[in-house]
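The structure under discussion appears below in the form of structure tokens.
Just so it is clear, none of the values below were taken in a lab; they were calculated from the coordinates. What you are looking at is a predicted structure, and each value in this text was computed from that prediction instead of being measured. As a convention, Cβ positions derive from the backbone with ideal geometry for all residues, glycine included, and neighbour counts pool all protein chains shown.
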Amino acid sequence: MNSSQKPGDKRKVLVLLDSHAILHRSFHALPPFTSPSGEPTGALYGFCSMLFKIIRELKPDYLTACYDLPEPTFRHIAYKEYKIQRPKTADELIGQIEKSKEILGAFQIPICEFSGFEADDIIGTIVEKTKKEKNLKVIIASGDLDTLQLVKNDDVVVYVFRKGTEAVFYDENEVLKRYGFGPKLLPDFKGLKGDPSDNIFGVKGIGEKTAGQLIQKFGSLENIYEKIKEDEIGLLSSKIKARTIQLLKENEKDAFFSKALTEIRRDAPISFSLSSNQLGKLYNPEKVRFLFEKLGFKSFLARLPDIFSMDSGRSR
């Protein structure tokens, strides 16, 4: 049993790695470690630390690593300014992203990616493809909160890394505690307040507090705008400021466009089967040892037999 499951929970566990989010977080959080040959390894060290923590504590039966690709996505095509404010990915990180795939390959951990889609969309698609699987729990391991909209009851949860390798679980109740509404309404929330990290504007003049109050009170964007059109006076009497209503009316198109940009797609053209993503001890120990020695990750070598034992994912 893993720390996200209650006693007696016999469900199989599928862990989906939001690889880019974890690598980016590690790159910015850890010192600029280097290998004996001088190549940057800080992001890789953090990535491997988190991977081992996931395997040790979550004990997945299935594990898949999802990646972004450098090509523009459908969001960039729809909105040229999408993420435009972000600095170009550092060369030191690009090399580590590619090396992380080499490490995963040595461990026989499948990688899933598709041009034009982000890792979040790949994760969302896998969640959709596995939703009819009986006795399966999906855990999304990430370095940010972007995938919270995929949370469903205790069946799909997000495992978010914070300081170091410290992590916290978000099931539907935890999302409700944090925001005051459920996971499905997070795109509506961002449609109002925007998402500065992705350069998504939302409704100019409406911040996080007002957006949260509107979502808690009326639910989806569709409900909010239906209320404006049918009973604007009623909105005013429910303590919604006239200025807020005016901003909503003036920026309706922007609100729905921003919502659409933040919604995670669940229809990426990928194939996925649980059987081909089973975690076991099929990894190549000699290749792993060679890679870790080359990277200078000697502290990991002694931990390999315990972490990747035959029963590591099936001891519940």
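Summary table below
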| read-out | value |
| --- | --- |
| Across Lys204/Lys229; Lys83/Lys193; Lys101/Lys184; Lys134/Lys184; Lys10/Lys217, pairs whose alpha-carbon gap is larger than 26 Å | Lys101/Lys184; Lys10/Lys217 |
| Alpha-carbon Rg/Rh ratio, for the chain, with Rh computed the Kirkwood way | 1.01 |
| Simple label model, 7 Å out from Cα along Cβ direction - Lys88 to Lys239, nm | 5.1 |
| Label-point separation in nm, Ala29 to Lys10, each point 7 Å along Cα→Cβ | 3.6 |
| Helix-only [θ]222 nm of the chain, DSSP H runs n ≥ 4, -39500 (n - 2.57) each, per residue, nearest 500 | -13000 deg cm²/dmol |
| Debye log10 I(q)/I(0) at q = 0.14, 0.21 Å⁻¹ for region 71-203, Cα point scatterers | -0.82, -1.55 |
| Contact order normalised by residue count of the chain, Cα under 8 Å, 6+ apart, percent | 24 |
| Cross-link pairs beyond the 28 Å C-alpha cut-off, checked among Lys152/Lys259; Lys6/Lys163; Lys12/Lys294; Lys80/Lys131 | Lys12/Lys294; Lys80/Lys131 |
| Order of Phe169, Phe161 - criterion: other Cβ atoms within 10 Å of each residue's Cβ, fewest first | Phe169, Phe161 |
| Candidate lysines - alpha carbon under 18 Å from Lys298, same-chain residues fewer than 8 apart omitted | Lys53, Lys99, Lys287 |
| For q = 0.19, 0.25 Å⁻¹, Debye-computed log10 I/I(0) when each Cα of region 183-262 counts as one equal scatterer | -0.70, -1.23 |
